[in-house]
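K.L.:
Please read through the structure below; I'll follow up with questions.
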Amino acid sequence: MVRGLVYLGLTLALSGFIGGLVHPWLGWALLAAGFAAQIVHHLVYLSRLERWSVQPESTEMLEGAGVWDEVFARLHRHEKYLVGVVAQREAEVAEFSAAIQALNDGVVLLDAGNHILWCNVTAEHQFGLNLNTDVGQMVANLVRQPEFVHYLGGEDFSRPLVMRSDRKGERVYSIHILPYGRSSRLMQIKDVTQADLLDRMRRDFVANVSHELRTPLTVLAGFLETLQEIEVEPAQRHQFLRLMAEQSERMQRIVRDLLTLSSLEAAPPPEDERIDMASLLDKLRRDAEALSAGRHRVLLEADGPDLQGAEGELVSAFANLVSNAVRYTPEGGTVTLSWQACREGAEFAVRDTGIGIDAKHIPRLTERFYRVDRSRSRDTGGTGLGLAIVKHALSRHQASLDVTSAPGEGSRFAARFPASRVAGA
């Protein structure tokens, strides 16, 4: 600015000096020419400034003379500052977007009309959305479950909506809508499938325990009431007491198995103690023969290695498999215990020539209180918890349970252990 004023002052002084020496009109002419040159000079730089303001990225960096040199320098400094600010904001937005993308929960941003503004990858997978094509679409046109449409239009978002996915309903989602800004909304989608499953299992468990205990308690209460109110013959009294003892023992078995399951679920990972499998298998064979009382042929085929794990837990699992085989094999049948190395590591199997199991029941055998035949299970002394105990004990040893069976052809239950559980592997 100072340089411009100096230049203007020199022009006026020179014009006045020449006008005084030669002729006044010549001075005025020179002064006019000087002003015209200044105007043209400024117009040229104004034109450059206009072009730069329209297309700053495609225009060369501005350079000027006189006062414009200082103006352009300030513009470039401010431009550089703004570029830095924009880059910082873009980095912050990218970091925020990456954080939302990393969430296990789905996130969908909606405008006041419930049109999709943005969503993360999790939401795309949960609801089958596509960010590239669904931006601007009404979310209710893409997620059409009636309960969701009603929730979205109800304007009461104080409680989340829990609903099943539209695709076969195998997933359960909790949806919560949070208003933000002036009129925008954030829709949070949380996968609560596991929590819903656990809740249903808890309800089923309580119902099953109540059902299992109700029968023996009813029997006990009935016999006690009869004995208190009516004089009965000694023989009949003895029969009542025997039945009461059976029902009491049944409840004890249920409670014992429930406590075993609870301890397996709550216990820390099993310690890696070496298990003498030859001794363990010989004991299982003797227990099977005692339970059979001579009604079956019990065979043992063992040439496998020792295991690393919690012996008590594995004895409980193996004993349940052996007990089931004996209880569900008719008199004269064969129960075979085997222990051998296999490609995965080692396998303990119990094969019987019993009644067999229909294929439709096999996937549910390890559920608590699940019975293929309820009356037969109770008659043989089963609690409906044995295979659930087997499943938990094996899973704590990274082992799996494989079941092969068919009605009338017997069954084979195989517990397969990984090489990491084989002693000396």
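The values are calculated or read from the model by the stated rules, or taken from the named source; none is laboratory data. Being a predicted model, the structure only gives us computed values, none of them experimental. Virtual Cβ from ideal backbone geometry, glycine too; neighbours counted across all protein chains shown.
K.L.:
Considering only residues that are touching a residue at least 40 places away in the same chain (Cβ under 8 Å) and part of a loop (DSSP other than H, G, I, E, B), which ones fall in segment 317-332?
P.N.:
Passing the criteria: Tyr328, Thr329.
K.L.:
Need the failing condition index for Val172 against (1) of a type in the set (Val, Ile, Thr); (2) surrounded by fewer than 16 Cβ atoms within 10 Å (Cβ to Cβ); (3) closer than 30 Å to Thr366 by Cβ, just the number.
P.N.:
Checking Val172 against (1) of a type in the set (Val, Ile, Thr); (2) surrounded by fewer than 16 Cβ atoms within 10 Å (Cβ to Cβ); (3) closer than 30 Å to Thr366 by Cβ, the one that fails is (2).
K.L.:
To continue, here is another question. With Leu178, Leu161 as the choices, which residue is surrounded by fewer than 16 Cβ atoms within 10 Å (Cβ to Cβ), at pLDDT 90 or above and over 17 Å from the mean Cα position of the chain (by Cα)?
P.N.:
It is Leu178.
K.L.:
With (1) under 20 Å from Pro179 (Cβ atoms); (2) assigned to a loop (DSSP other than H, G, I, E, B) as the list, and Val108 as the residue in question, which single condition is left unmet?
P.N.:
(2)
K.L.:
Further question on the same structure: Given the conditions (1) in contact (Cβ under 8 Å) with a residue 40 or more places away in the chain; (2) out of contact with any helix residue (DSSP H, G or I) (no Cβ under 8 Å at 6 or more places or on another chain); (3) within 23 Å of Asn120 (Cα to Cα), and given that Ser174 satisfies all but one, which numbered condition is not satisfied?
P.N.:
Going through the list (1) in contact (Cβ under 8 Å) with a residue 40 or more places away in the chain; (2) out of contact with any helix residue (DSSP H, G or I) (no Cβ under 8 Å at 6 or more places or on another chain); (3) within 23 Å of Asn120 (Cα to Cα), Ser174 breaks only (1).
K.L.:
Just one of (1) in contact with a Phe, Trp or Tyr (Cβ under 7 Å, 6 or more places away or on another chain); (2) farther than 24 Å from Arg274 by Cα trips up Leu321, so point out which.
P.N.:
(2)
K.L.:
Also, quick follow-up: Pick from Leu314, Leu337: which is surrounded by 19 or more Cβ atoms within 10 Å (Cβ to Cβ), assigned to a helix (DSSP H, G or I) and assigned by TED's automatic domain parsing to the domain that holds His392? First the steps, then the outcome.
P.N.:
Values: Leu337 fails: assigned to a helix (DSSP H, G or I).
Testing whether each residue is surrounded by 19 or more Cβ atoms within 10 Å (Cβ to Cβ), assigned to a helix (DSSP H, G or I) and assigned by TED's automatic domain parsing to the domain that holds His392 leaves just Leu314.
K.L.:
Can you name the number of the only condition in (1) part of a strand (DSSP E or B); (2) more than 30 Å from Glu95 (Cβ to Cβ) that His176 fails?
P.N.:
The number of the failed condition is (2).
K.L.:
Within segment 223-233, can you find the residues that are aliphatic (A, V, I, L, M) and in a helix (DSSP H, G or I)? Spell out how you get there, then give the answer.
P.N.:
Residues of segment 223-233 aliphatic (A, V, I, L, M): 224, 227, 230, 232.
Answer for segment 223-233, where residues must be aliphatic (A, V, I, L, M) and in a helix (DSSP H, G or I): Leu224, Leu227.
K.L.:
Conditions first: (1) within 38 Å of the chain's Cα centre (by Cα); (2) more than 20 Å from Ala406 (Cα to Cα); (3) touching a residue at least 12 places away in the same chain (Cβ under 8 Å). Gly312 passes all but one, so which condition is the exception?
P.N.:
So the condition that Gly312 fails would be (3).
K.L.:
Could you please let me know if Ser323 is surrounded by fewer than 19 Cβ atoms within 10 Å (Cβ to Cβ) and of a type in the set (Ser, Thr, Tyr)?
P.N.:
Here the answer is no, as Ser323 does not meet what is asked.
K.L.:
Among the listed residues Leu243, Leu220, Leu213, Leu281, identify the single one that is more than 30 Å from Arg297 (Cβ to Cβ), outside any strand (DSSP E or B) and within 43 Å of the chain's Cα centre (by Cα).
P.N.:
From the options Leu243, Leu220, Leu213, Leu281, the qualifying one is Leu213.
K.L.:
Which members of segment 122-141 meet the condition of being in a helix (DSSP H, G or I) and farther than 19 Å from Glu170 by Cβ? It would help to see each step written out before you state the result.
P.N.:
Kept after step one, since they are in a helix (DSSP H, G or I), are these residues of segment 122-141: 122-127, 131-134, 139-141.
Leu131, Asn132, Thr133, Asp134, Val139, Ala140, Asn141 - these are the residues of segment 122-141 that are in a helix (DSSP H, G or I) and farther than 19 Å from Glu170 by Cβ.
K.L.:
Okay, next question. Of Arg412, Arg396, Arg351, Arg368, which residue is closer than 21 Å to Glu289 by Cα, basic (Lys, Arg) and either buried (at least 19 other Cβ atoms within 10 Å of the Cβ) or in contact with a helix residue (DSSP H, G or I) (Cβ under 6 Å, 6 or more places away or on another chain) (or both)?
P.N.:
Arg351 is the lone residue from the list that is closer than 21 Å to Glu289 by Cα, basic (Lys, Arg) and either buried (at least 19 other Cβ atoms within 10 Å of the Cβ) or in contact with a helix residue (DSSP H, G or I) (Cβ under 6 Å, 6 or more places away or on another chain) (or both).
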